[in-house]
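Quick notes on the structure that follows.
The values are calculated or read from the model by the stated rules, or taken from the named source; none is laboratory data. If you're wondering where the values come from, they're calculated on a predicted model, not measured in any experiment. Cβ sites come from the backbone with ideal geometry, for glycine too, and all protein chains shown count toward neighbours.
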Amino acid sequence: MFSHVVIFWTDPAKPQAADDLIAGAERYLKPIPGVMHFHIGRMAPSPRPVVDQTYQVALNIIFPSQKAQDEYQIHPLHVEFVEKVFKPACQKVVVYDFE
């Protein structure tokens, strides 16, 4: 398995940015071939000091292999998501990929 975790910091000047990001990911990313597990949501508040609470949205996608994730990255729906949803909504992103 290959996990692709993406942490998004949305533009605070755009109050709907988190909602737009979640809806856009559901529309563009979830149906891409090779996605075994798809989960996107807002940051969950926590009293634990080790939990990062500076971001607004996180995405967790599991693929059967790194090859499937590599194909996902160049898929036209992913490219469209980046241009139409991610770039207008976000100020920062951090990605964690692991096997």
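Here are a few things to note about the model shown:
- Residues (surrounded by 12 or more Cβ atoms within 10 Å (Cβ to Cβ) and assigned to a loop (DSSP other than H, G, I, E, B)) located in the range 37-52: M43
- The set of residues from the range 61-99 being surrounded by 15 or more Cβ atoms within 10 Å (Cβ to Cβ) and of a type in the set (S, T, N, Q) comprises just one member, Q69.
- Contact map, the range 77-96: first residue within 18 Å of G34 (Cα to Cα), second residue exposed (fewer than 14 other Cβ atoms within 10 Å of the Cβ), Cβ cut-off under 7 Å, separation 6 or more or different chains; pairs are L77/P31.
- Which numbered condition K67 misses (of (1) under 20 Å from F2 (Cβ atoms); (2) in contact with a Gly (Cβ under 9 Å, 6 or more places away or on another chain); (3) of a type outside the set (D, E); (4) touching a residue at least 40 places away in the same chain (Cβ under 8 Å)): (4)
- Test: residue in the range 28-35 that is surrounded by fewer than 17 Cβ atoms within 10 Å (Cβ to Cβ), on the phi < 0 side of the Ramachandran plot, modelled with pLDDT of 95 or more and not in a loop (DSSP other than H, G, I, E, B): no
- Tally of residues being in a helix (DSSP H, G or I) and not charged (D, E, K, R) across the range 56-99: 16
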